[in-house]
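Shown next, in structure tokens, is the structure this report addresses.
The values are calculated or read from the model by the stated rules, or taken from the named source; none is laboratory data. All figures in this text were calculated on a predicted structure; none of them were measured in a lab. Note that we place each Cβ from the backbone using ideal geometry, even for glycine, and neighbour counts take in every protein chain shown. In case anyone asks, the SASA skips ligands and DNA or RNA and just uses the protein heavy atoms, side chains included. Shrake-Rupley method; radii C 1.70, N 1.55, O 1.52, S 1.80 Å.
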Amino acid sequence: MSDTFEVAPFGATLASIDQSSPMPVAIAMSRPTLLTALYTPRGEDRQQPHEQDKVYMVAAGIATLEVDDDGARSLEPGDAAFVAAHAVHRFVDMSDFAAWAVFPQ
């Protein structure tokens with residue numbers, strides 16, 4: 001790992017996820033100020049609100065992101081979505097969905 005440059009390969013990171021886990025996620029990069037993970041919920045998204053802001057970047061598949069009472073948005077590969085700290089949110093209507101999650105440490 002370089003101090004100035006790092007790549008998280010999608011395929012290798014995806015292959016490292018235990019899809020039978022209730023929280024199918026793999027930490028791809030962890031730095032003192034930033035964490036990047038690949039999240040691949042299947043069926044029911046069981047995540048809880050987070051202590052920090054988060055950005056999701058859709059890497060594969062489709063899903064709808066529901067956030068608090070702010071409604072829902074359909075997401076597809078290439079889309080990015082911001083979710084504020086402490087917001088109740090979940091992915092629904094997922095099909096082969098995978099998203100990078102990036103948030104401060």
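Cβ under 12 Å from Val58's Cβ, Val58 left aside: what net charge do those residues give with Lys, Arg +1 and Asp, Glu -1? Could you put the intermediate results ahead of the total?
Details: positive: Arg73; negative: Glu76, Asp79, Asp96.
Residues near Val58 contribute -2 overall.
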(request) Name the long-range amide H neighbours of Asp45: under 5 Å, sequence gap of 5 or more, or other chain; modelled H, no Pro or chain starts. (result) Phe91
(message) For the range 17-94, what does the accessible surface come to per residue with a 1.4 Å probe? Please give it in Å².
(response) 57 Å²
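Only sites in a loop by DSSP and with at most 12 other Cβ atoms within 10 Å count here; which GluC sites (Glu not before Pro) in the range 10-105 make the cut?
Numbers: sites: Glu44, Glu51, Glu66; in loops: Glu44, Glu51.
Those that pass, being in a loop and sparsely packed, are Glu44, Glu51.
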(request) Quote the Stokes-Einstein diffusion coefficient, in whole µm² s⁻¹, for the chain, based on the Kirkwood radius over alpha carbon pairs, a temperature of 10 °C and a viscosity of 1.306 mPa s. (result) 113 µm²/s
(message) Considering only protein heavy atoms and a probe of 1.4 Å, how much of the accessible area of the chain is carbon and sulfur, as a whole percent?
(response) 53 percent
(request) Output the peptides 53-61, 68-76 sorted from most to least packed, where packing is the average of other Cβ atoms within 10 Å over each peptide's residues. (result) 53-61, 68-76
(request) Could you work out which residue, out of Pro24, Pro41, Pro49, moves most in a Gaussian network model of the chain, that is, has the largest mean-square fluctuation with Cα springs under 10 Å? (result) Pro49
(request) List the residues whose amide H sits under 5 Å from the amide H of Ile62, counting only those 5 or more places along or on another chain, with H placed 1.01 Å from N in the peptide plane. (result) Ser95, Phe97
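As a check on your grasp of the helix formula, calculate [θ] at 222 nm for the chain: sum -39500 (n - 2.57) over DSSP H runs of n ≥ 4, divide by the residue count, round to the nearest 500. Before the final figure, lay out the partial values.
Numbers: 1 runs with 6 residues, N = 105.
Here the helix-only value at 222 nm equals -1500 deg cm²/dmol.
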